[in-house]
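Chemist: Following this message is one structure expressed as structure tokens.
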Amino acid sequence: MAAPAELSGLSDEAACAACSAPDASTKDFMFQQTMLRVKDPKKSLDFYTRVLGMTLLQKFDFPSMKFSLYFLAYEDKNDIPKDKTERTAWTFSRKATLELTHNWGTENDENQSYHNGNSDPRGFGHIGIAVPDVNKACKRFEELGVKFVKKPDDGKMKGLAFVQDPDGYWIEILNPNHMVTLT
């Protein structure tokens, strides 16, 4: 019986061959948001603003469906339009925002939790935050009591870390200039 073939990822050539050139009609498309469901918006908003330094861009309530949306990003608070209509258009024109979705009442349900995608069945993995100095950022996170999945010097991939938000979602902490040493 023949030995099973060794597993590997796509070659660079195969990866390129699997991709199509973007259609001209998609020229103005952009990646705008990633949505995470959160149990307690007070804990999540505190974490993403105080710990990670994001800014709340806008909040939307949907009373008839009993949920709220919170849009955060790395934007200057002074750039946020005051007019609600302008603010809404501006919020949805930002790149790479984080949308936190809170289904009302989950914060009071001790059995409520969300699957972070990193245990079976695996799916969603993490979001990533670029920082100037991973070790300095992680020292601050440690002082703030943030839960670590991986510290910068742990494991085979040195120089990057993974922390968890209040709902257990993983957040990669990376320095763009260091990433070239990992690839």
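Chemist: Quick one: in region 130-181, of everything that is under 17 Å from PHE47 (Cβ atoms) and among the small types (Gly, Ala, Ser), which residue is surrounded by the fewest Cβ atoms within 10 Å (Cβ to Cβ)?
Modeler: Applying the filter and picking the extreme gives GLY145.
Chemist: Separate question: Which condition from (1) under 24 Å from SER68 (Cβ atoms); (2) part of a strand (DSSP E or B) is the one that PHE162 breaks?
Modeler: (1)
Chemist: Output the residues belonging to region 115-129 that are among the hydroxyl-bearing types (Ser, Thr, Tyr) and surrounded by 12 or more Cβ atoms within 10 Å (Cβ to Cβ).
Modeler: If the condition is that a residue be among the hydroxyl-bearing types (Ser, Thr, Tyr) and surrounded by 12 or more Cβ atoms within 10 Å (Cβ to Cβ), then no residue fits.
Chemist: If you go through region 35-67 one residue at a time, how many are free of Cβ contacts under 8 Å to residues at least 60 places away in the same chain and touching a helix residue (DSSP H, G or I) at 6+ places or on another chain (Cβ under 7 Å)?
Modeler: Of the residues in that region, 5 qualify.
Rule-based calculations on the coordinates, nothing more; no lab input. Since this is a predicted model, take the numbers as computed values, not measurements. Cβ atoms come from the backbone with ideal geometry, glycine included; neighbour counts cover every protein chain shown.
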